[in-house]
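Everything below concerns the one structure shown next.
The values are calculated or read from the model by the stated rules, or taken from the named source; none is laboratory data. Given the structure is predicted, the values throughout are model-derived calculations rather than measurements. Neighbour counts are summed over all protein chains in view; Cβ atoms, including those assigned to glycine, are modelled from backbone coordinates with ideal geometry.
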Amino acid sequence: MRVDRIVLREVGLALKEPFRISSGEMFQRRIMLLELHDASGASVWSECVASEAPNYSSETIDTAWIAVTQYVAPRVLGKTFAHPGEIHAVLDRDVRGHNMAKASVEMGMWALGATLAGEPLARFIGGTRKEIATGISLGIQASPAVLIEKARAALDAGYRKVKIKIGPGHDVEWIRAVREALGPGAHLMADANNAYTLDDIDRLVALDDFGLMMIEQPLAHDDIVRHATLQKRLKTPICLDESITGLDQAQDMVALGSGRIINIKAGRVGGFTPSIAIHDFCQQHSVPVWCGGMLESGIGRAYNVAIASLPNFTLPGDVSPSARYWARDIVSPEWTMDRGMVKVPLDRPGIGVEIDIDRIAAITVRSVELKP
Ligand code: OSB
Ligand code: MG
């Protein structure tokens, strides 16, 4: 494979409803899309998952735009690679951080590899599932009553897991209210997005009463040591999200006992090669993983569905169907869910969905063409 042209585009997509987490609120997504053109004539689309603000990780769509343009794309453009598994090391050498920027190109190279091999992306990377169990991620709501209503609607719609965003002022009482309303069998979890410190340990221990599947990333984004202190006090498994930026952090989590579950987001760890390495490591250590989401368009969603088809993705992922986020997605068919399952597209090579180029053209706010 030899990519001789990459087109970057920024598109604006309005979210159907605002998405509020403990560290900020999103009303729309500014999304960076990439189109990688191979010398053979084949081309693929990929998505950078960086948000508009640096409240989840230090990256933003604007830093990623610069990183891809100046550092990432030049390492790939015009170069011949035998396999996409080679790309991550090439992008990682002497370039610190910028994982989402690196991943946007690295994952595109995996899709290109699959396309050239004539295989669906999921199978090309070793995925074995035909469908992905799906959970919903509910942002912080106006009141416990609204939260209960949304959680109940999600379970009625078939979702296999309901993740509830929490933070100080929106935690114990809110989770208790949902648990009481929905009963002991409802598959519930909480995600704090770094809202707490060890000073809040009693409040976090209080969540043990509600039978949560896990508590995601209660403490600081880069703190693996204090999560170990917390996990020793909690019965509920801790799931790390923000803290796992690569295989090393997954190993640290297991070595220190900082958590028992990992949410894998390929963008956060720098692409599919590190995602697969984390997946394999976790499988060897009996640590279940699931696929996180970043409110992706249908393009990024295709990559999430593909990675979630690997065998150790045993818990429902944040891979909601298109209609959860958008009035209209930019792919066809749109992603749909049936009885809480999203089908892995196995009927065609590559990412498995068509790109709606006219719609993308209509919502593009800037673009640039990169060449060797
Ligand atoms: O912490 O998992 C998170 C969205 C933006 C930033 C961080 C997170 C999320 C989600 C969204 O929870 C999940 C989804 O894409 O449905
Ligand atoms: Mg999270």
Report summary line: Counting only residues in the range 191-218 that are under 25 Å from residue 156 (Cα atoms) and near ligand 2 (Cβ under 10 Å from one of its atoms), the one farthest from the chain's Cα centre (by Cα) is identified as 192
Query raised in the report: Looking at the range 30-70, which of the residues that are within 16 Å of ligand 2 (Cβ to nearest atom) and surrounded by 20 or more Cβ atoms within 10 Å (Cβ to Cβ) is nearest to residue 300 (Cα to Cα)?
Result: 49
Requested in this report: Any chance you could count how many residues in the range 68-101 are touching a helix residue (DSSP H, G or I) at 6+ places or on another chain (Cβ under 9 Å) and either free of Cβ contacts under 8 Å to residues at least 12 places away in the same chain or over 20 Å from residue 37 (Cβ atoms) (or both)?
Outcome: 11
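Just a yes or no: is a residue in the range 26-33 part of a loop (DSSP other than H, G, I, E, B) and either more than 24 Å from residue 318 (Cβ to Cβ) or among the charged types (D, E, K, R) (or both)? Step through it out loud before you land on a result.
Looking only at the range 26-33, we keep the residues that are part of a loop (DSSP other than H, G, I, E, B), and these are none.
Checked the range 26-33: no residue is part of a loop (DSSP other than H, G, I, E, B) and either more than 24 Å from residue 318 (Cβ to Cβ) or among the charged types (D, E, K, R) (or both).
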Report summary line: Inside the range 28-42, the number of residues satisfying the requirement of being in contact (Cβ under 8 Å) with a residue 60 or more places away in the chain and among the polar types (S, T, N, Q) is 1
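Residue-by-condition table, conditions (1) under 23 Å from residue 279 (Cβ atoms); (2) surrounded by fewer than 22 Cβ atoms within 10 Å (Cβ to Cβ); (3) in contact with a Leu (Cβ under 9 Å, 6 or more places away or on another chain); (4) not assigned by TED's automatic domain parsing to the domain that holds residue 129:
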{"residue": "321", "(1), (2), (3), (4)": "no, yes, no, no"}
{"residue": "330", "(1), (2), (3), (4)": "no, no, yes, no"}
{"residue": "335", "(1), (2), (3), (4)": "yes, no, no, no"}
{"residue": "348", "(1), (2), (3), (4)": "no, yes, no, yes"}
